[in-house]
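Please read the structure below before turning to the comments.
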Amino acid sequence: MSMPAALSRLALPVIGSPLFIISNPDLMIAQCKAGIVGSFPALNARPASLLDEWLHRITEELAAHDRAHPDRPAAPFAVNQIVHRSNDRLEEDLATCAKWKVPIVITSLGAREDVNAGVHSWGGITLHDVIDDRFARKAVEKGADGLIAVATGAGGHAGRLSPFALVQEIRQWFEGPLALAGAIATGDAILAAQAMGADFAYIGSPFIATAEANAAQAYKQGVVEGRASDIVYSSLFTGVHGNYLRASIVAAGLDPDNLPDGDVGTMNFGGGQAAKAWRDIWGAGQGIGAVDAVEPAAERIATLARQYEAARRRLSLGA
Ligand SMILES: Cc1cc2nc3c(=O)[nH]c(=O)nc-3n(C[C@H](O)[C@H](O)[C@H](O)COP(=O)(O)O)c2cc1C
């Protein structure tokens, strides 16, 4: 299968993943200008009418960048839609994405044929995130163009499977665009994801510690100071297992080593409970040990690119 045009002109094979509350137009525009796919969850634009303003601004700023830098055009952007019954904005947000012909829609927490068909109707493509091969097959059956394999150690909702197991099982039958997520935080690891059989690295947590990210300073600092052993895997906060910073759980008065199971009913993405969980309980993946400063996203991406090229040279893959 050939790579969709939207994904074939990246400076680095990376998708900056959507981060609830944290991703905003500033971060996404910086990612796209640096040549990686930038994204944000539609739900970060509150109220829903703000999504139209965000997409207007993003479209204009990226077009201006392309006019000024025809030699290094911006990468395409993606909007994340939570396809879960608690998301009562889905139809309205999809209509806004249709208006702006959003090039890539990342769907999570539910695969729906009508959503994929809707995105295709305006020429967009869909990438669906999955934690195992069974969900991957379902997503492709329902019309997803590409897959995001979320392996163990990923920030936020995460799977339990080894990235090696996940990629090799999906690659036995799927030739389309495949991104791999889970603790990827260096250029070396981006190359490793490709060596395993993925086309792209899907990177979230390292972008929390950027100047543009909409996160409290203490959260950004927690990512800078944290190591893999500071990450706790729990279903308590949304009913779905995910990875969170231990310090934020302690600060909420809970014992990170004795957390009860959560209830899927608490995953109310319409607001209330879930928003609170993500605001106070800080999602982060096991890759944060590689992050040692809060810096502009462009600098983080430049470092990833340098490391990626160095890793290629080390393995004699050419520059
Ligand atoms: C704080 C936080 C919020 C997230 N919010 C979302 C979200 O709204 N939608 C989504 O599809 N994934 C979300 N994710 C998951 C990421 O998109 C991605 O799978 C993950 O960050 C990749 O692993 P990494 O953090 O180890 O790079 C979130 C992750 C984090 C850390």
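Have a look at Leu51, Leu62, Leu43 and point out the one that is in a helix (DSSP H, G or I), within 12 Å of the ligand (Cβ to nearest atom) and under 26 Å from Ala209 (Cα atoms). Spell out the reasoning first.
Values: Leu51 fails: within 12 Å of the ligand (Cβ to nearest atom); Leu62 fails: within 12 Å of the ligand (Cβ to nearest atom).
The conditions single out Leu43.
Working only within the range 102-113, note down all residues that are over 17 Å from Phe40 (Cβ atoms) and either within 16 Å of the ligand (Cβ to nearest atom) or crowded, with 18+ Cβ neighbours inside 10 Å (or both). Break it down into steps so the answer makes sense when it comes.
Narrowing the range 102-113 to residues over 17 Å from Phe40 (Cβ atoms): 110-113.
Those that are over 17 Å from Phe40 (Cβ atoms) and either within 16 Å of the ligand (Cβ to nearest atom) or crowded, with 18+ Cβ neighbours inside 10 Å (or both): Gly110, Ala111, Arg112.
Would you point out which residue out of Gly118, Gly153, Gly124 is on the phi > 0 side of the Ramachandran plot and either more than 17 Å from the chain's Cα centre (by Cα) or in contact (Cβ under 8 Å) with a residue 40 or more places away in the chain (or both)? Steps first, answer last, please.
On the way: Gly118 fails: on the phi > 0 side of the Ramachandran plot; Gly124 fails: on the phi > 0 side of the Ramachandran plot.
Only one candidate passes the filter, namely Gly153.
Asn24 fails exactly one of the following numbered conditions: (1) within 18 Å of the chain's Cα centre (by Cα); (2) surrounded by fewer than 21 Cβ atoms within 10 Å (Cβ to Cβ); (3) farther than 18 Å from Ile106 by Cβ; (4) not aliphatic (A, V, I, L, M). What is the number of that condition?
For Asn24, the exception is condition (3).
For the range 27-69, which positions are surrounded by fewer than 21 Cβ atoms within 10 Å (Cβ to Cβ) and either under 19 Å from Tyr219 (Cα atoms) or of a type in the set (Asp, Glu) (or both)?
Hits for the range 27-69 are Asp52, Glu53, Glu60, Glu61, Asp66.
Exactly one of these conditions fails for Leu12: (1) aliphatic (A, V, I, L, M); (2) surrounded by 24 or more Cβ atoms within 10 Å (Cβ to Cβ); (3) more than 19 Å from Ala211 (Cα to Cα). Give me its number.
(2)
Checking the structure you have, find out if any residue of the range 59-68 is touching a Pro at 6+ places or on another chain (Cβ under 6 Å) and free of Cβ contacts under 8 Å to residues at least 24 places away in the same chain.
Step one: list which residues in the range 59-68 are touching a Pro at 6+ places or on another chain (Cβ under 6 Å), which gives 66.
Within this subset, residues satisfying the condition of being free of Cβ contacts under 8 Å to residues at least 24 places away in the same chain are 66.
Looking through the range 59-68, at least one residue is touching a Pro at 6+ places or on another chain (Cβ under 6 Å) and free of Cβ contacts under 8 Å to residues at least 24 places away in the same chain.
Ala198 is checked against (1) within 12 Å of the ligand (Cβ to nearest atom); (2) crowded, with 19+ Cβ neighbours inside 10 Å and fails just one. What number does that condition carry?
(1)
Mind checking which residues of the range 65-101 are away from the ligand (no atom under 15 Å from the Cβ) and not in a helix (DSSP H, G or I)?
Hits for the range 65-101 are His69, Pro70, Asp71, Arg72, Pro73, Ala74, Ala75, Pro76, Arg85, Asp88, Trp100, Lys101.
Quick check on the range 98-105. Is at least one of its residues in contact with a Pro (Cβ under 8 Å, 6 or more places away or on another chain) and under 23 Å from Ala151 (Cα atoms)?
Residues of the range 98-105 that are in contact with a Pro (Cβ under 8 Å, 6 or more places away or on another chain), as a first pass: 103-104.
Remaining after also requiring under 23 Å from Ala151 (Cα atoms): 104.
So far as the range 98-105 goes, yes, one or more of its residues are in contact with a Pro (Cβ under 8 Å, 6 or more places away or on another chain) and under 23 Å from Ala151 (Cα atoms).
One line per residue, one yes/no per condition, for (1) out of contact with any His (no Cβ under 9 Å at 6 or more places or on another chain); (2) at positive phi; (3) basic (Lys, Arg):
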| residue | (1), (2), (3) |
| --- | --- |
| Ile131 | no, no, no |
| His157 | no, no, no |
| Phe164 | yes, no, no |
| Arg171 | yes, no, yes |
| Gly182 | yes, yes, no |
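If Asp280 satisfies every condition in (1) farther than 24 Å from Ala149 by Cβ; (2) within 15 Å of the ligand (Cβ to nearest atom); (3) of a type in the set (Asp, Glu); (4) modelled with pLDDT of 95 or more but one, which is the exception?
So the condition that Asp280 fails would be (4).
All but one of (1) in contact with a helix residue (DSSP H, G or I) (Cβ under 6 Å, 6 or more places away or on another chain); (2) away from the ligand (no atom under 11 Å from the Cβ) hold for Asp132, so report the exception by its number.
(1)
Can you name every residue in the range 223-247 that is among the hydroxyl-bearing types (Ser, Thr, Tyr), buried (at least 21 other Cβ atoms within 10 Å of the Cβ) and not in a strand (DSSP E or B)? Don't jump to the end; show me each part of the working.
Initial filter on the range 223-247 (among the hydroxyl-bearing types (Ser, Thr, Tyr)): 229, 233-235, 238, 244.
Next cut, buried (at least 21 other Cβ atoms within 10 Å of the Cβ) only: 238, 244.
If the condition is that a residue be among the hydroxyl-bearing types (Ser, Thr, Tyr), buried (at least 21 other Cβ atoms within 10 Å of the Cβ) and not in a strand (DSSP E or B), then Thr238 is the only one that fits.
Surrounded by fewer than 16 Cβ atoms within 10 Å (Cβ to Cβ) and hydroxyl-bearing (Ser, Thr, Tyr): does that describe Ser17? Can you show your working first?
On the way: surrounded by fewer than 16 Cβ atoms within 10 Å (Cβ to Cβ): no; hydroxyl-bearing (Ser, Thr, Tyr): yes.
Considered against the rule, which asks whether it is surrounded by fewer than 16 Cβ atoms within 10 Å (Cβ to Cβ) and hydroxyl-bearing (Ser, Thr, Tyr), Ser17 comes out as no.
Just to be sure I understand the filter: pairs with C-beta atoms under 7 Å, separated by 6 or more residues or on different chains, first member in the range 186-203 and over 15 Å from Met3 (Cβ atoms), second member among the hydroxyl-bearing types (Ser, Thr, Tyr). Which pairs pass?
Gly187/Tyr308; Ile190/Tyr308; Leu191/Tyr308; Tyr202/Ser17; Ile203/Ser17
Take Val119 and decide whether it is of a type in the set (Val, Ile, Thr) and surrounded by 24 or more Cβ atoms within 10 Å (Cβ to Cβ). Walk me through how you get there before you give the answer.
On the way: of a type in the set (Val, Ile, Thr): yes; surrounded by 24 or more Cβ atoms within 10 Å (Cβ to Cβ): yes.
For Val119, the condition - of a type in the set (Val, Ile, Thr) and surrounded by 24 or more Cβ atoms within 10 Å (Cβ to Cβ) - is met.
Checking Ala98 against (1) surrounded by fewer than 17 Cβ atoms within 10 Å (Cβ to Cβ); (2) of a type in the set (Gly, Ala, Ser); (3) within 26 Å of Ile301 (Cα to Cα), only one condition comes out false. Which one?
(3)
The values are calculated or read from the model by the stated rules, or taken from the named source; none is laboratory data. Bear in mind the structure is a predicted one, so any value in this text is a computation, not a measurement. Counting neighbours? That spans all protein chains shown, and the Cβs are built from the backbone with ideal geometry, glycine included.
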